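So the structure is just underneath, and the comments pick up after that.
The values are calculated or read from the model by the stated rules, or taken from the named source; none is laboratory data. Everything numeric in this text was worked out from a predicted model, so none of it was measured. FYI the Cβ positions are ideal-geometry reconstructions off the backbone, even for glycines, and counts take in every protein chain you see. Each accessible area value is taken on the protein alone, full model and side chains, heavy atoms only, with ligands, DNA and RNA left out. Shrake-Rupley method; radii C 1.70, N 1.55, O 1.52, S 1.80 Å.
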Amino acid sequence: MTTPTDAPDTAVDTAVDEAEYDRRRLRQWLTGRARADGVARRDLLRLLAAAGLAAGLPAALPATARAATPAAPGIAKPLPEEWFTVRGTNAETNFAALADTGHHTPVSHFFVRNHTVTPQLDPTTWELKIWGSGLAGAERAFTLSDLKRLPAVTRSAFVECAGNGRSFFTSQQGQSATGTAWTLGAIGSARWRGARLADVLRLAGIRRDAVDILPRGLDPDYVTADGTNLGRVRRPLPVAKALDDVILAYEMNGEPLPPDHGAPVRVVVPSWVGIASIKWVGDIEVSRTPLFSPWNTDFYRLFGDAYPAGGSAPLSRQTLKSAFELPWNASLAAHQGHRLTGRSWSGAGTIARVDISTDAGATWHRAHLHDTPRRADWVRWSTRWHPTAKGPATLLARATDTTGRTQPPATVPNTQGYLFDAVVRHAVTVV
Ligand SMILES: Nc1nc2c(c(=O)[nH]1)N[C@H]1C(S)=C(S)[C@@H](COP(=O)(O)O)O[C@H]1N2
Ligand SMILES: [Mo]
């Protein structure tokens, strides 16, 4: 399997100057080698961060200081090749590796989408500031203990990148799309536990005429490939959604939120595109006038021939997808029964049915669902297959949700390759 660590969509991957090259190599060296040297990687990353990632670093690194295993600069957790495909600063979960996991994605397998690097924040000094014209009074700060004293909610929900499936615009539809070339593994489902954002906003004195909130991360500023500093990752969210089912999560699958997924606290916006779920949240602006950031103007809208010149409305709900828990081009023995497994999900209704074709779409039959379909979550499914003809075969899984939407044969293209929802043609070989 290839690990295209040079995906051209992030600042660190496209910068061409030598200083950036060195910084990147140093990060790879740290993620690949630090543990072997008996030095905690997080300490080194903290040093790096303190040094602004570059100041005082050696001008050149020895040739042997290349990462021996796949590593994404700035991701703290291990990324074994069986479980992840590294794409620039991000790590995609290999869907085949979910076959042995349960309903929820273990933290060890959960995809990471970082615009920059995972910061190491001190939970004892961390604070969440709530401020802005949408508050009746002055700004309010909440510590982690403050949040934990509020009633806790627990819910299961997926976090999925809006660009999940993007590579299929190219491989299935022959279209180009900018951004990380994910297959289907830019999704994970977890049990999130935390305080209701609604409770925090009300305690902070949100006014009835507030319209937008803007959560902002404490990770470093995001600098685009052409050198524009877009500031901290932040994306406006309408107050109606913020007061509905959004969580300020401090636990993931029963453990304190891990560094790569937003420790000590992240926003979880069920059913919405992953960018809404701001990690490492440090402050939330509450506003009486609509708010804008590059993440709801230039990014995360649909642009292209089928869309208005200024793009579609900002993306909100996720779309409908299905994936087999099988490697691409998996080999399956002929004249044997195989249990094929996979998952389907929708950001709109719940999953109503999943249909499978093992003959490239000529005939279909229903998959057996293994979870009670719930909103904002995925369902596991399985089907039996007894292939007889040797050679290449194409497996299809097509979900229908309770709003009546079914995965189409093709997705209307958009320049940034968001919201791919077409049936994926999964190539396998019968041997
Ligand atoms: N602060 C901050 N929040 C962020 C991001 C980021 O880079 N910085 N990435 C966003 C994107 S694009 C996605 S898809 C999800 C990914 O969440 P995960 O890394 O926990 O899987 O986090 C979102 N929240
Ligand atoms: Mo994303």
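Each residue, H103 and T394, gets one label point 7 Å from its Cα in the Cβ direction; the gap between the two is 3.4 nm. The calculated FRET efficiency for A136 paired with H386, based on their beta-carbon distance and R0 = 45 Å, is about 0.10. Modelled this way, with points 7 Å down the Cα-to-C-beta line, the labels at T406 and S171 are 2.5 nm from one another. Mind running the shape call on region 348-428? Use the C-alpha gyration tensor, a ≥ b ≥ c as the square roots of the eigenvalues: rounded below 1.5 for a/c, prolate if a/b tops b/c, oblate otherwise. Since a/c reaches 1.5 but b/c is at least a/b, the shape of region 348-428 is classed as oblate.
Remark: accessible surface ordering of R191, R343 (largest first) is R191, R343, probe radius 1.4 Å.
Taking a straight line from the alpha carbon of K241, these lysines sit under 30 Å away, with near neighbours fewer than eight places off in the same chain left out: K129, K148, K279, K321. Taking all protein chains into account, the per residue accessible area for region 321-430 stands at 42 Å² (1.4 Å probe). Per residue and in cubic angstrom, what volume does the convex hull of the Cα atoms of region 137-240 have? It comes to 168 Å³ per residue, whole-number rounded.
Protection proxy ranking of 158-167, 215-224, by the mean of other Cβ atoms within 10 Å over each peptide's residues and highest first, is 158-167, 215-224.
Dividing the alpha-carbon radius of gyration of region 71-154 by 2.2 N^0.38 Å (N being the number of residues), what value is obtained? Cα-based Rg divided by the globular estimate yields 1.51.
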